[in-house]
1. Go through region 362-382 and report how many residues are β-branched (Val, Ile, Thr) and either part of a loop (DSSP other than H, G, I, E, B) or within 8 Å of the ligand (Cβ to nearest atom) (or both).
2. If residue 232 satisfies all but one of (1) assigned by TED's automatic domain parsing to the domain that holds residue 390; (2) free of Cβ contacts under 8 Å to residues at least 40 places away in the same chain, what's the number of the condition it fails?
3. Out of (1) part of a loop (DSSP other than H, G, I, E, B); (2) within 30 Å of residue 316 (Cα to Cα); (3) in contact (Cβ under 8 Å) with a residue 60 or more places away in the chain; (4) of a type outside the set (A, V, I, L, M, F, W, C), what's the single condition that is false for residue 446?
4. Out of curiosity, is residue 45 surrounded by fewer than 20 Cβ atoms within 10 Å (Cβ to Cβ), more than 10 Å from the ligand (Cβ to nearest atom) and at pLDDT 95 or above?
5. Given the conditions (1) in contact with a strand residue (DSSP E or B) (Cβ under 7 Å, 6 or more places away or on another chain); (2) within 13 Å of the ligand (Cβ to nearest atom); (3) not in a loop (DSSP other than H, G, I, E, B), and given that residue 85 satisfies all but one, which numbered condition is not satisfied?
6. Restricting region 153-169 to residues that are touching a strand residue (DSSP E or B) at 6+ places or on another chain (Cβ under 9 Å) and outside any strand (DSSP E or B), which is surrounded by the fewest Cβ atoms within 10 Å (Cβ to Cβ)?
7. Could you please let me know if residue 349 is modelled with pLDDT under 95, more than 13 Å from the ligand (Cβ to nearest atom) and out of contact with any strand residue (DSSP E or B) (no Cβ under 6 Å at 6 or more places or on another chain)?
8. Go through the residues of region 194-208 one by one and say whether even a single one is surrounded by 24 or more Cβ atoms within 10 Å (Cβ to Cβ) and in a loop (DSSP other than H, G, I, E, B).
Amino acid sequence: MSTPSIPRRAQRLSELGDRRFDLLVVGGGITGAGIARDAARRGLAVALVEREDFAAGTSSRSSRLIHGGVRYLEHGYLHLVFEASRERRRLLELAPHLVRPMQFTWPVYQGARVPRWQLAAALTLYDALALFRNVGRHHRLGRDGVLAAEPALAPDGLRGGAAYWDASTDDSRLTLANAIDAAQVSATVVNHAEVVALTRAAANGPVDGALVRDLIGGAEIRVQARVVLNATGPWTDEVLRMEGTPTGPAVRGTKGVHIAVPAARVGNRSAVTMLSPDDGRVMFALPAGTHTIIGTTDTATPEHPHEVRAASGDVRYLLAACNRFFPAARLTEDDVVSAWAGIRPLVASTNVGDPSSASREHAITTTAAGVVTITGGKLTTYRAMAEQCVDVVVRRVGRAVRKCDTARAPLPGERAATAPGDVRLDEALPWREQDVDQAVRHEFAETVSDVLIRRTTLAFDRKDNGRALAPRVAARMGALLRWTDAGVRNAVEEFERDVHRIFTVTR
Ligand SMILES: Cc1cc2nc3c(=O)[nH]c(=O)nc-3n(C[C@H](O)[C@H](O)[C@H](O)COP(=O)(O)OP(=O)(O)OC[C@H]3O[C@@H](n4cnc5c(N)ncnc54)[C@H](O)[C@@H]3O)c2cc1C
């Protein structure tokens with residue numbers, strides 16, 4: 001079966017002004033992309049606009065896990081674990097190219113906050129909440145079993161542990177797959193397009209659309225929609241303020257930091273669950289190709305979501321845990337390949353205490369002027385969140401041609417098979433020149449950052465965050481997008497600014 005093609009950007013921009021939409025989704029993170037896909041598949045006329053790029057916000061800064069969330073068991077969020085486990089099972093089936101089973105080892109040391117008996121009980125509950133239909137059931141491990149699974153773990157004080165299953169993903173490409181599917185079905189999907197104002201036909205009437213600025217061409221477009229849906233994650237309150245109705249904050253952001261370090265130094269074979277030696281929080285060492293990702297932190301922050309970045313204190317906290325569990329690693333700040341941060345868009349009303357114990361459940365609200373807003377949630381549960389959100393929209397719009405089918409419909413977004421003679425962008429990493437072409441032609445890539453940070457993970461995987469590759473990628477994109485020489489140079493400079501903003505560690 002041939003894949004429906006996505007119209008060129010110029011055509012999509014003119015559609016934004018010409019069509020009258022049932023639904024305008026603001027924000028192309030996993031939440032907005034998932035909603036646009038679901039609504040388009042139900043037959044609604046949908047527009048999705050994203051200020052930067054799909055997944056440029058929190059959705060490219062996650063731990064990349066599709067997981068039930070063992071951590072949530074101790075806070076009693078059983079409903080969330082149940083729902084997330086169900087969604088994990090679905091995503092493993094519907095997107096095997098993006099969501100893969102991952103085995104975790106949880107070592108237990110003498111005096112650990114979670115002793116062996118408690119871990120066994122928790123993981124039995126974890127399997128039960130997945131209706132015993134996870135990839136595999138957990139099993140208890142003796143000391144030798146833990147060391148056989150993960151020989152680089154510290155042997156001193158090790159009492160035993162357990163092995164259990166979750167899944168990993170590429171968060172940016174999962175988001176992208178939803179945006180692509182939405183567009184292939186019928187939605188008008190545009191990145192680098194920012195909502196700068198909400199519009200109303202009458203002064204105190206309902207919101208009937210938005211003014212959207214094309215951040216590449218500069219034009220402003222009036223988009224008309226029966227329902228405007230705010231899916232802007234940590235930016236939710238900024239969009240709500242555009243409505244002009246004073247409300248309390250809808251989102252309470254907490255910051256989470258990850259670092260990538262060389263896997264060969266850590267020596268982990270698969271994923272390892274660790275309890276922080278500083279405060280006992282659950283954290284992970286996660287395999288990611290040639291690197292191990294260590295994360296995450298969870299702290300209150302005043303930083304703006306666009307500017308949030310790792311601080312050296314965050315990096316030291318993560319290194320301390322890794323070095324305690326993998327003593328031969330002896331990692332220092334100089335060994336860190338990359339460090340980055342994201343803001344969890346938690347629901348404000350239900351979360352006031354310790355960030356780590358805050359609920360990851362979501363909330364759907366409608367403002368006085370009719371803007372539907374979704375906050376909270378997780379990457380893992382995005383499909384279920386989208387289904388509930390589109391149910392609300394359908395009730396408002398009064399019709400849907402088809403029922404929600406996202407629990408059964410496979411996701412697109414596979415990388416193209418390797419062409420003969422294809423050249424890798426970095427010999428040690430799987431990304432090829434051909435991926436740049438695919439990104440531009442079929443995956444909405446408009447900037448070098450779109451390619452090096454989100455269509456590939458090169459910026460996360462290289463110590464220079466992809467700076468040395470940027471001129472080559474810009475030249476290749478420029479040939480496809482007809483950039484001038486100055487345009488190619490500007491694209492490289494813009495990428496360098498993005499890399500500085502995202503990956504610089506603050507003192
Ligand atoms: C450190 C960390 C680790 C995590 N790990 C996991 C995990 O392993 N598994 C899991 O399930 N969940 C995880 N999460 C949670 C998950 O990543 C988030 O819940 C999810 O990515 C939020 O997506 P979102 O679409 O709501 O927000 P975002 O991804 O931030 O998307 C909002 C988008 O709105 C856009 N936008 C803002 N203003 C405008 C405007 N005016 N016009 C147009 N667009 C606009 C932004 O550019 C942005 O792209 C983690 C979160 C963090 C921070």
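The values are calculated or read from the model by the stated rules, or taken from the named source; none is laboratory data. All of these numbers come straight from a predicted model, not from anything done at the bench. Don't worry about glycine lacking a Cβ; one is built from the backbone with ideal geometry, like all the others, and counts go over all protein chains shown.
1. Qualifying residue count for the region: 6.
2. Residue 232 satisfies all of (1) assigned by TED's automatic domain parsing to the domain that holds residue 390; (2) free of Cβ contacts under 8 Å to residues at least 40 places away in the same chain except (2).
3. With (1) part of a loop (DSSP other than H, G, I, E, B); (2) within 30 Å of residue 316 (Cα to Cα); (3) in contact (Cβ under 8 Å) with a residue 60 or more places away in the chain; (4) of a type outside the set (A, V, I, L, M, F, W, C) applied to residue 446, the lone miss is (2).
4. Taking the combined requirement at face value, the residue satisfies it.
5. The number of the failed condition is (1).
6. 156
7. Yes, satisfied.
8. No, the conditions are met nowhere in region 194-208.
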